[in-house]
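The structure appears right after this line, and notes come after that.
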Amino acid sequence: MQKNYFIIIFFLVGLFYSNAQEFSGTIVADSIAEIQVNIVNYNNGLGTVNSKSGKFSIPAKVGDKVIFSSVKYEPYTVEITQKILEKENHQIILFLMVNELEEVNISSLTLTGDLLADANNMDLEPSLSARDLGLPVRTAPRLTVEERRLYTAASGGPVGVLIDVLSGRMEMLKRQKEYADLEQLIAKSESLVPNNFFEETLNINPTWIDDFLYFCSQQENFKSTVNKNDAFVMIEFFQQQVTAYHKFKNESP
């Protein structure tokens, strides 16, 4: 009975790879030679990264969704069609992640132009805010780019929402938000450890640091570890994962 199960599994795996083709091309983005982009086929769970020249190749079939994500760039999703598979050397253009500036209060201080006199007369506490001017004051937390896109899609009325759901756009936006949240979590984990920690302490090639971080992000307790905001806890977590990562890389085709 167990032998039959193995035969069925091998048959299904063979069937998948017989239908899968290579989705390949070149990523066009600023400083792509120094940045690795995580390229993941959401449907089959396979992943890869780009070369220094920006080239990539990943198995895919019609209907799959391939997501390009990086700490530096906005996530980008490609839904695979037969036309895409028939074309060679696709160009994937990624845009830099844009950070919004914090709210700035306009000071009510009047300056004379005399730096010495202005410094002696300067009062740092009084300031002119939106509330002082009788303007609406934003109290809700700021939405990310992905959250704003999802909100816009969800607030398009019953007809608009139905169209988005049927076209798959709502699901795509949700996945983009998930990947954006993951990228922010990965960036936070990297910021908690010292510079050159991955190279000097863990002996990881600089080319594969992003790949190692993505591998760690797939572990069950990654999010809770990062949210502790403790450098020593984060260092210990990375040290525990490095052996499994090297084993994974050696076993990968």
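Please treat every number below as a calculation from the coordinates, not as lab data. Every value quoted in this text rests on a predicted model; they were computed, and no experiment measured them. In this analysis, Cβ positions are derived from the backbone assuming ideal geometry, glycine residues included, and neighbour counts consider all displayed protein chains.
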### Query
What nm distance separates the two modelled labels at Q82 and A231, each placed 7 Å from Cα along Cα→Cβ?
5.8 nm
### Query
According to a simple spin-label model (label point 7 Å from Cα along Cα-to-Cβ), what is the distance in nm between S57 and S224?
4.2 nm
### Summary
By the C-alpha gyration tensor axes a ≥ b ≥ c (rounded if a/c is under 1.5, else prolate when a/b exceeds b/c, else oblate), the shape of the range 195-253 is oblate
### Summary
Ordered by fewest other Cβ atoms within 10 Å, a rough proxy for footprinting exposure, K65, K249 read K249, K65
### In sequence order, calculated HN-Hα J values of the range 215-223 (Karplus, 6.51, -1.76, 1.60; Hz; x Gly/Pro)
4, 5, 5, 7, 7, 4, 9, 5, 4
### Summary
Using alpha-carbon positions, the gyration tensor of the range 21-98 gives root eigenvalues a ≥ b ≥ c; with a/c under 1.5 called rounded, otherwise prolate if a/b exceeds b/c, else oblate, the class is prolate
### Query
If packing is taken as the mean number of other Cβ atoms within 10 Å per residue, what is the order of 27-39, 83-95, 227-239, highest first?
27-39, 227-239, 83-95
